[in-house]
Amino acid sequence: MTLNKWRRATEWFMMALALVFLFAYSWEVLARTHIVLCETVINIIWMAFIVDYVVSILLAKDKKAWFKENLLMLVSIALPIFRPLRLLRLVAVLNVLNRTGGMAVRGRITLYTCCSVTLLMYIGALAELDVERGVPGASITDFGEAIWWSFVTVTTVGYGDLSPVTWQGRSIAIGLMITGVALIGIVTATLASWIVDRVRDETDKRADEAESETEQLRHNVRELTDTVNQLRDDIARLRRP
């Protein structure tokens, strides 16, 4: 068994578990019923994530490199206080977009980024409401306010009308801010790449047109030269006695 084979064998199963995790966590935070059942499901899936992490690092050829590349995964399964971070496993679902046929790389990146940010905003809103609701002095007390706060935080607007009061909530806010900065960077880079490609395409098009016009002029000059030579020959024959 290799790491790639393990990933292929468990990919869809882990995606399904991540979706069940999201549903259970959403139900627990929003509906606030069947808490024991939701917690049981969440803990079982959390253990499955731990098993997947352990097996993956054991199968990795370069364990040190794999460990460095998956530090967030380690944090999400090692620190119970960061339980909402385990929902980041849902981003793996978006890997299916990379297999989309007929779509340019820039299109896949844009779609992947938009879907990832939308998912992270929803997760951030759930996590923020989970840690802020019921705390004295908290301004984020329902899901509508949490979604609004998550949106303005990710977009780095930050009106200040809603703000976390717990250190867990502020930690989530920092994560969303970093996500927002990364989003702006990706959007800017994608837009710049698109503009550069358009300019290059236009330049290439004009160069092709200029080359075509030059070739046409050369053809016309050759025809004109042949015509002139023919006229000279005709005139020369007429001058002969």
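The values are calculated or read from the model by the stated rules, or taken from the named source; none is laboratory data. Since we're looking at a predicted model, the values are computed, not measured. With ideal geometry, Cβ positions are generated from the backbone for all residues, glycine too; neighbour counts draw on all protein chains shown. Note: accessible area is taken over every heavy atom of the protein model, side chains too, but ligands, DNA and RNA are not part of it. Shrake-Rupley method; radii C 1.70, N 1.55, O 1.52, S 1.80 Å.
Listing for the model above:
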{"quantity": "Residue within region 5-20 that is within 23 Å of Phe143 (Cβ to Cβ), surrounded by fewer than 16 Cβ atoms within 10 Å (Cβ to Cβ) and modelled with pLDDT under 85 present", "calculated": "yes"}
{"quantity": "Scan of region 152-176 for residues that are β-branched (Val, Ile, Thr) and either open to solvent by 50 Å² or more (accessible area, probe 1.4 Å) or not in a helix (DSSP H, G or I) (or both), ordered by number", "calculated": "Thr155, Thr156, Val157, Val165, Thr166, Ile174"}
{"quantity": "Condition broken by Val181, with the remaining ones in (1) at pLDDT below 85; (2) assigned to a helix (DSSP H, G or I); (3) closer than 29 Å to Glu11 by Cα; (4) of a type outside the set (Lys, Arg) satisfied", "calculated": "(3)"}
{"quantity": "Matching residues, region 30-67, being within 16 Å of Leu17 (Cβ to Cβ) and of a type outside the set (A, V, I, L, M)", "calculated": "Cys38, Glu39, Thr40, Asn43, Trp46, Phe49, Asp52, Tyr53, Ser56"}
{"quantity": "Region 31-43, residues that are exposed (fewer than 14 other Cβ atoms within 10 Å of the Cβ) and among the hydrophobic types (A, V, I, L, M, F, W, C)", "calculated": "Ala31, Ile35, Val36, Leu37"}
{"quantity": "In region 10-37, the residues that are farther than 13 Å from Leu129 by Cα, among the β-branched types (Val, Ile, Thr) and in a helix (DSSP H, G or I)", "calculated": "Thr10, Val20, Ile35, Val36"}
{"quantity": "Thr203 being of a type in the set (Ser, Thr, Tyr), without any contact (Cβ under 8 Å) to a residue 24 or more places away in the chain and more than 30 Å from Ser150 (Cα to Cα)", "calculated": "yes"}
{"quantity": "Residue in region 177-184 that is more than 30 Å from Gly134 (Cβ to Cβ), open to solvent by 70 Å² or more (accessible area, probe 1.4 Å) and touching a helix residue (DSSP H, G or I) at 6+ places or on another chain (Cβ under 9 Å) present", "calculated": "no"}
{"quantity": "Hey, Thr141 in contact with a Lys or Arg (Cβ under 6 Å, 6 or more places away or on another chain) and at pLDDT below 90 or not", "calculated": "yes"}
{"quantity": "All positions within region 47-75 that are in contact with a Lys or Arg (Cβ under 7 Å, 6 or more places away or on another chain) and either of a type in the set (Val, Ile, Thr) or under 25 Å from Ile140 (Cβ atoms) (or both)", "calculated": "Ile57"}
{"quantity": "Hits in region 110-151 (condition: open to solvent by less than 50 Å² (accessible area, probe 1.4 Å), of a type in the set (A, V, I, L, M) and assigned to a helix (DSSP H, G or I))", "calculated": "Val117, Leu119, Leu120, Met121, Ile123, Ala125, Leu126, Ala127, Leu129, Val131, Ala146"}
